[in-house]
Amino acid sequence: MSAAAGPGTVDGVKLDRPARRAFLAVHVVASAGWLGLSAGLLALGLAANTTGSAATLEAAVRSMRLFADWLLLPVALLTLVSGLVLALGTPWGLARHRWVWTKFWLTLATTTATAFALRPGVNEAVAAVSAGGPLPDGGDVLFGPVVSLSAYVFMTVISVLKPWGLTRRGRRLRQAARKETPAEPARV
């Protein structure tokens, strides 16, 4: 990281090119992993809801638990942290562009939902099925993966398209930067 003032700095610290590329690679891989894990959870949730076999039901919800307990939350947190570092250490900023701001809040919301809704729901399903009972509520193991997969696909699309322009804060910062930059004399 190098010291510099201006856009893309936090207290004068700006990511240099190798650091930015490393964080970008980590962010993209973690985000793609989160998307893939959600697709896998959805497939397992569908299998749990549609199977007539008790063994398949138990295997599906136990696999969901493995994904949810060991993989999903660390990948979600890695995505959130790497995204924050990129936003705060690059000219994109956290609250300068609407698409970055939207991704931040969606990532925060889905990470929270993973920790406090999806994981407990999967754990309850495993407990019920392991005790020999039926799946308590099939929607519980489908709703979380459907919502999260939809959110991650949406975030991927806006990461590519970068729609909506600047936020009010971003417009203010851009205008302030233009006022600070002295005009160059005309060349003759």
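A short reminder: the numbers here are calculations on the coordinates, not readings from a lab. Source: prediction; values computed, not measured.
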(request) Collect residues whose amide H, placed 1.01 Å from N in the peptide plane, falls under 5 Å from the amide H of HIS97; neighbours closer than 5 in sequence don't count. (result) THR167
(request) Sequence neighbours fewer than 8 away in the same chain don't count; with that in mind, list the lysines whose C-alpha is under 26 Å from LYS103. (result) LYS14, LYS162
(request) Take each uninterrupted DSSP H stretch in the chain, measure its Cα extent along the helix axis, and return the ones at 27 Å or beyond whose mean Kyte-Doolittle hydropathy is at least 0.0. (result) 17-50, 138-161
(message) Could you work out the relative contact order of the chain? I mean the mean sequence separation of Cα pairs under 8 Å and 6+ apart, divided by the number of residues, in percent.
(response) 27 percent
